[in-house]
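The values are calculated or read from the model by the stated rules, or taken from the named source; none is laboratory data. Not measured: the values here are computed from a predicted model. Counting neighbours? That spans all protein chains shown, and the Cβs are built from the backbone with ideal geometry, glycine included. Protein only, heavy atoms only, side chains kept; ligands, DNA and RNA dropped before computing areas. Shrake-Rupley method; radii C 1.70, N 1.55, O 1.52, S 1.80 Å.
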Amino acid sequence: MTSTTSGPRTYRAAQVGTAGGPFGIVERELAEPQPGHVRVAVEACGVCRSDSGFVNAGFPDVPFPLVTGHEIAGRIDVVGDGVEDWNAGDRVAIGWFGGNCGTCGPCRAGDFIHCTRMQVPGWAYPGGYAEYTTVPASALARIPDELSAVEAAPMGCAGVTTFNSLRHSAARPGDLVAVLGIGGLGHLGVQFANKLGFETVAVARGADKAGTAERLGAHHYIDSSAGDVAAELQALGGAKVVLATAASSEAMTAAIDGLGNGGELIVLGATPEPIQVSPFQLIANSRTVHGHPSGTASEVEETMRFAALTGVRALTETRPLEDVAAAYDRMMSGQARYRMVLTTGR
Ligand SMILES: [Zn+2]
Ligand SMILES: [Zn+2]
């Protein structure tokens, strides 16, 4: 049911005027949600490396001026006509999966993540770098009470991507699972791998990350700058899964021979550089190399419930919305420990 509010008429948003341009804080008109949509009062929004793809127009048809952001947590403010089961005040998260059409071939088959018209917040419509965002009801995930908004926000992209790819993999409890990279995705991947019952190996550059890896739940640490990652994984028995969160095709290539029989290299880190692999490396050991998208709204909700149950949490650095440029630069520099999250002060 649409309600006419007597609240604010405008809201602040962090906007990029042209491709590659700087962020600026602007006032935008607050509109009532269309049928099938809800307006969300944003409390927190994670800063994802994919956001740079939108800021720099690396994806097709990025609209400028742009308000990006697809790791959103907040409360429903106004519910549009025709929306069932959601009410004003509900705590919700919206991730990379920003709504599906319900009528295309994949949607008819129940495969919503591959919807040909899937919407991503901050691309298909203004996203979470703002005090409000309006989203299709199909994008909503309910936040469990145990998670704060800052804790929930990164679960919509970094969290669901790592959790979903691990639980849909061939690995079973007790199997050796390696996580390549300890960044925004990887630091969650290590925690999820531990809590899913895998013998967990963290792989990163430098000896200084060993302590962090152990605190996150890694049973083993491999310093990729000091040795042969594949040989070290084979010495541990060979990995059932290498979860490649670092956007480095070179690091992925170097790990393939560390896979055991039926092992999977799961590609999450997005980079255009080709991964090098020969048929010889794949055939005899039945190895596979494949990608994995994020997850539906329902799967974001399952990710948050698993996190609430097991204590998995994103390690975050928060910045107020107006400091968006500094937060974005810190994410791009690789200095963030480990997820930058913008907050609106709610
Ligand atoms: Zn993302
Ligand atoms: Zn569809």
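Some points to look at:
- For segment 222-314, the convex hull drawn through the C-alpha positions has a volume of 135 cubic angstrom per residue.
- Full-stretch length increase - D329, C104 - with 0.36 nm per residue and alpha-carbon distance subtracted: 77.2 nm
- The spread of Cα positions in segment 5-58, taken along each principal axis and listed from longest to shortest, comes to 37, 22, 20 Å.
- Of the whole protein surface, S333 contributes about 70 Å² of accessible area at a 1.4 Å probe radius.
- Shape annotation for segment 205-264: C-alpha extents along the principal axes are 30, 22, 19 Å, from largest to smallest.
- Between the Cα long axis of helix 186-195 and the first principal axis of the chain there is an angle of about 70°, rounded to the nearest 10.
- DSSP beta bridges in the chain [antiparallel fraction, %, rounded to 5]: 55 percent
- Accessible surface of the chain [probe 1.4 Å, protein heavy atoms]: carbon and sulfur percent: 50 percent
- Farthest positive-ward along the chain dipole, Cα basis, beta-carbon charges - from A308, P35, A19: A308
- Pairwise Cα separations in segment 290-335 fall into 5 Å bins from 0 onward with the following percentages, short to long: 5, 16, 15, 14, 17, 25, 7, 1.
- Two-site label geometry, T288 and Q234: point separation in nm, points 7 Å out along Cα→Cβ: 2.4 nm
- Across segment 36-160, Cα-Cα pairs more than 17 Å apart make up 55 percent of the total.
- Rounded FRET efficiency, nearest 0.05, which uses the C-beta distance separating E250 from R28 and R0 of 45 Å: 0.60
- Net charge dipole size for segment 166-269 [Lys, Arg +1 and Asp, Glu -1 on Cβ; Debye, nearest 20]: 400 debye
- Helix 297-310 vs. the chain, principal-axis angle (Cα, 0 to 90°, nearest 10): 60 degrees
- Each 5 Å bin, from zero up to the one with the longest distance, holds this percent of the alpha carbon pairs of segment 192-240: 5, 23, 30, 25, 15, 2.
- When E32, E301 are compared by accessible area at a 1.4 angstrom probe, the order from most to least is E32, E301.
- Taking the inverse of the mean 1/r over every pair of distinct Cα atoms in segment 95-214 gives a Kirkwood hydrodynamic radius of 16.3 Å.
- Dipole check for the chain: with +1 at the C-beta of Lys and Arg, -1 at the C-beta of Asp and Glu, and the Cα centre as origin, the magnitude is about 120 Debye.
- Cα-based shape type of segment 161-293, given that a ≥ b ≥ c are square roots of the gyration tensor eigenvalues and the cut on a/c is 1.5: rounded
- Within the shell of other residues whose beta carbon sits under 13 angstrom from the beta carbon of T212, the net charge comes to +1, with Lys and Arg scored +1 and Asp and Glu -1.
- The distance between label points at N87 and A226 comes to 5.6 nm (points 7 Å beyond Cα on the Cα→Cβ vector).
- Accessible heavy-atom area order of E299, E27, highest first, probe of 1.4 Å: E27, E299
- Sequence ranges 64-73, 263-272, ranked by mean other-Cβ count within 10 angstrom, highest first: 64-73, 263-272
- 25 °C / 0.890 mPa s Stokes-Einstein diffusion coefficient of segment 148-202, Kirkwood radius on C-alpha pairs, µm²/s: 218 µm²/s
- Computed per residue of the chain from DSSP H runs no shorter than four, each worth -39500 (n - 2.57), the mean residue ellipticity at 222 nm is -6500 deg cm²/dmol.
- Cα centroid separation, segment 151-207 to segment 217-281: 14 Å.
- Short to long, the 20 Å bins of the Cα pair-distance histogram for the chain hold 32, 56, 12, 0 percent of all pairs.
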